[in-house]
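Structure, as structure tokens:
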Amino acid sequence: MPLEGTDAAWYVLATGDWGELDGIDGDIRTFTWDTLAVVATENGPAAKFPDGLYALMLTLTDSTGNKTSAEIRVSVANDPPSAPEGFRVDSGEWKMIVSWKPASGNDAVNYMLYRKINDGDYELLA
């Protein structure tokens, strides 16, 4: 729901006493924002928080009703990496040589190579 009294379309991600939020680590309070959350639509599941630039505002109210707030901007990028380019297999003497170009960008962390024989299931090779 939109947050009243603001200039932008703010939506409440969490509210409540500090003890009701996710974690307490010493003097630090945390809230885990599930940026991969989905919602049901007529066309099937859709991202509740699509990739893009978001502003987060934390508002604190004291026991007398005085309020203060802080705001930061964060980028949400849940898109998967692009498919490997140049994926190919070359035959060698008693072996097959599988190759591809490394993924561009810095968010790819590993590759997994699978094989499938005829109509069987895929099995992990490397």
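What follows draws every value from the coordinates through simple rules; no lab data is involved. This structure is a prediction, so every number in the text was calculated from the model and none was measured. Glycine also receives a Cβ, built like all others from the backbone with ideal geometry; neighbour counts cover every protein chain displayed.
Tell me, what is the FRET efficiency for residue 117 and residue 85 to the nearest 0.05, using R0 = 22 angstrom and their Cβ-Cβ distance as r?
On the way: r = 26 Å, r/R0 = 1.17.
For residue 117 and residue 85, the calculated efficiency is 0.30.
Please find the FRET efficiency linking residue 68 to residue 31, where r is the Cβ-Cβ separation and R0 is fixed at 25 Å, and quote it to the nearest 0.05.
Working: r = 18 Å, r/R0 = 0.70.
Once rounded, the FRET efficiency stands at 0.90.
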